[in-house]
Amino acid sequence: QSVLTQPPSASGTPGQRVTISCSGSSSNIGSNYVYWYQQLPGTAPKLLIYRNNQRPSGVPDRFSGSKSGTSASLAISGLRSEDEADYYCAAWHDSLSGAVFGGGTQLTVL
Amino acid sequence: EVQLLESGGGLVQPGGSLRLSCAASRFTFSNYAMSWVRQAPGKGLEWVSAISGSGGYTYYADSVRGRFTISRDNSKNTLYLQMNSLRAEDTAVYYCAKDLDYGGNSGFDYWGQGILVTVSS
């Protein structure tokens with residue numbers, strides 16, 4: 001069981017907007033930055049969002065992140081078929097002195 | 001662009017040892033913390049360990065503390081993970097990842113391609 005809680009699956013049609021939630025606690029999301037990673041099938045994860053809502057260069061502005069209290073969300077607008085992937089949230093956990101990941105959300109583009 | 005290349009994986013018997021290496025290039029290695037993240041077959045990501053830029057601070061997941069040791073050689077731009085007392089549940093693809101900053105408690109902006117470790121008799 002993961003420390004951060006994500007829905008196991010999400011779906012949408014091309015052009016739609018989808019959101020993926022990530023729930024934690026005061027020891028992780030509540031007191032540290034949230035990061036989001038995209039993992040396409042058979043490949044290494046890729047950083048999608050850092051420090052709650054910042055996009056690395058090269059990541060389309062269709063991807064956005066937000067955080068409120070002990071929860072965070074990843075939003076994908078203008079959904080495309082190439083967005084079909086697994087998405088993971090992560091944060092530092094203070095009392096564990098380590099990083100923790102969500103269980104991952106498999107996004108399907110219908 | 002940043003390159004991270006893992007090596008040293010393979011098949012090992014339960015109770016055995018293995019050392020993973022990660023050769024880094026195209027960035028100032030000593031300026032950044034580095035981490036290991038693993039992914040068991042068909043499962044999600046699990047953070048394993050991190051080390052600060054100088055190597056002075058190390059962090060471990062409870063699942064590997066006391067069995068795994070992370071280290072780095074900044075003169076060789078190489079990260080290591082010494083894995084002892086290996087168990088079947090350590091079977092996974094192990095990724096080397098570059099941290100966003102020096103300390104070891106941030107996210108990971110570059111990842112290696114991953115290397116498979118299989119623990120089985």
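Any read-out appearing in this document is the output of simple, stated calculations on the displayed coordinates, not a laboratory observation. This structure is a prediction, so every number in the text was calculated from the model and none was measured. Neighbour counts are summed over all protein chains in view; Cβ atoms, including those assigned to glycine, are modelled from backbone coordinates with ideal geometry.
Tabulated data
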{"quantity": "Computed magnitude of the charge dipole of the protein assembly as shown (debye, nearest 20; Cβ of K, R +1, Cβ of D, E -1)", "calculated": "120"}
{"quantity": "Computed over the range A:42-92, the ratio Rg/Rh where both radii use C-alpha atoms and Rh is Kirkwood", "calculated": "0.94"}
{"quantity": "Residue among B:Ser17, B:Ser75, B:Ser63 with the largest mean-square fluctuation in a Gaussian network model of chain B, springs linking Cα atoms under 10 Å", "calculated": "B:Ser75"}
{"quantity": "Rounded FRET efficiency, nearest 0.05, which uses the C-beta distance separating A:Asp94 from B:Ala23 and R0 of 30 Å", "calculated": "0.40"}
{"quantity": "Most mobile listed residue (B:Asp101, B:Asp90, B:Asp109) in chain B, GNM with C-alpha springs under 10 Å", "calculated": "B:Asp109"}
{"quantity": "Rounded D (µm²/s) - the protein assembly as shown, Kirkwood Rh over Cα pairs, Stokes-Einstein at 37 °C, 0.692 mPa s", "calculated": "184"}
{"quantity": "Cα lying deepest toward the dipole's positive end in the protein assembly as shown, options B:Ala23, A:Ala44, A:Ser57, charges on Cβ", "calculated": "B:Ala23"}
{"quantity": "Per principal axis, descending, Cα span of chain B in whole Å", "calculated": "40, 27, 26"}
{"quantity": "B:Val117, A:Val59, A:Val100 arranged by Cβ crowding within 10 Å, fewest neighbours leading", "calculated": "A:Val59, B:Val117, A:Val100"}
{"quantity": "Label-point gap, in nm, between A:Arg17 and B:Ser54 - each point 7 angstrom along Cα→Cβ", "calculated": "4.7"}
{"quantity": "Net charge dipole size for the range A:2-110 [Lys, Arg +1 and Asp, Glu -1 on Cβ; Debye, nearest 20]", "calculated": "220"}
{"quantity": "Fraction of antiparallel bridges per DSSP, the protein assembly as shown only, in percent to nearest 5", "calculated": "90"}
{"quantity": "Neighbouring partner chain Cβ atoms per residue of A:99-110, average, 10 Å criterion", "calculated": "3"}
{"quantity": "Of every Cα-Cα pair in chain A, the percent that sits beyond 20 Å", "calculated": "34"}
{"quantity": "Chymotrypsin sites (Phe, Trp or Tyr not before Pro) lying in DSSP loop within the range B:41-120, provided at most 15 other Cβ fall within 10 Å", "calculated": "B:Tyr57, B:Tyr102"}
{"quantity": "Aspartates and glutamates whose Cα lies under 19 Å from that of B:Lys98, excluding same-chain neighbours fewer than 8 positions away", "calculated": "B:Glu1, B:Glu6, B:Glu46, B:Asp73, B:Asp109"}
{"quantity": "Sequence of B:Arg38, A:Arg80 once ranked by neighbouring C-beta atoms within 10 Å, starting from the fewest", "calculated": "A:Arg80, B:Arg38"}
